[in-house]
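These notes concern the structure reproduced below.
The values are calculated or read from the model by the stated rules, or taken from the named source; none is laboratory data. Predicted model, so just to flag it, every value in this text is computed and none were measured. With ideal geometry, Cβ positions are generated from the backbone for all residues, glycine too; neighbour counts draw on all protein chains shown.
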């Protein structure tokens, strides 16, 4: 019976997505994506490497720290993957690939019309930093195991200006790309990675989605559109909202905040479930929503037998 009730609640949420009068009267912002530049000369980025052999922050500490300097595992030699060529080419071309991905992400939001005649979004890549982690543990019988991962963090600032050049909004985004993961346990090795072209395509998408979220949510904030028990719907969907995301939802009456997890996302809307598993008093259509930071602690409800 409970499953049937939940099913009909989901149908009701999907069918009825009310829009506030303010949103109904406010037309989507018209934004053209302008130049995306780099804070440094493009050739500087030739030194950027994403190593799948576990090097941490560009140093040789990765596998040496994880498996010991004399590790005999085939992974210790590793294979090395670099996306610097793709990055430099896109940099010289004013990040045309990132720009195209950003236009698509903004257009999919429903809050922005992409085109000339209105505001202009410009970006600047400030920094690109290789990151990684590695560890090694020794068990009681003297066996060793460890893991290593590597990636890139790209920082980009952006501004949105009006026709007169006045900046009406700006912010900074940090996009993370994991380029590889490897582990070795009791002589069994495991490694995963992605081709260079795939890595850079994913990096473009991450930058575009992260920026589009901030811009779209600024001009049309995230809001609750309907509530049915512990389930609610919001006014955005894929690709800006992804399944599994944690939301902070603030009551418009009490000011209290509760956490919800996105259970499904489609074009233009998404549904989320309360982490407590219960209806949250004070959460109603119009309540403010924000995406929780990945570092925020999340307490999931656990069903006891």
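Here are some notes:
- Candidates 184, 210, 180 - the one that is buried (at least 17 other Cβ atoms within 10 Å of the Cβ) and within 30 Å of residue 285 (Cα to Cα): 210
- For region 94-114, the candidate set comprises residues that are touching a helix residue (DSSP H, G or I) at 6+ places or on another chain (Cβ under 9 Å) and at positive phi; within that set, the residue that is surrounded by the fewest Cβ atoms within 10 Å (Cβ to Cβ) is 110.
- Counted residues, region 149-172 - those being buried (at least 20 other Cβ atoms within 10 Å of the Cβ) and at pLDDT 95 or above: 3
- Residue among 143, 205 that is exposed (fewer than 13 other Cβ atoms within 10 Å of the Cβ) and in the same structural domain as residue 117 (by TED's automatic domain parsing): 143
- Test: residue in region 169-182 that is more than 26 Å from residue 121 (Cα to Cα), more than 18 Å from the chain's Cα centre (by Cα) and in the same structural domain as residue 121 (by TED's automatic domain parsing): yes
- For region 133-147, the condition holds for no residue, the condition being that it is at pLDDT 85 or above and within 27 Å of residue 294 (Cβ to Cβ).
Conditions tested, residue by residue: (1) at pLDDT 85 or above; (2) more than 21 Å from residue 28 (Cα to Cα); (3) out of contact with any strand residue (DSSP E or B) (no Cβ under 9 Å at 6 or more places or on another chain).
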position: 186; (1), (2), (3): no, yes, no
position: 201; (1), (2), (3): yes, yes, yes
position: 218; (1), (2), (3): yes, no, no
position: 226; (1), (2), (3): yes, yes, no
position: 234; (1), (2), (3): yes, no, no
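- Conditions (1) within 16 Å of the chain's Cα centre (by Cα); (2) closer than 26 Å to residue 121 by Cα; (3) without any contact (Cβ under 8 Å) to a residue 60 or more places away in the chain; number of the one not met by residue 234: (1)
- In region 110-127, residue modelled with the lowest pLDDT [restricted to those that are more than 12 Å from residue 215 (Cβ to Cβ) and not in a strand (DSSP E or B)]: 110
- In the condition set (1) more than 25 Å from the chain's Cα centre (by Cα); (2) at pLDDT 80 or above, residue 190 is compliant with all but (2).
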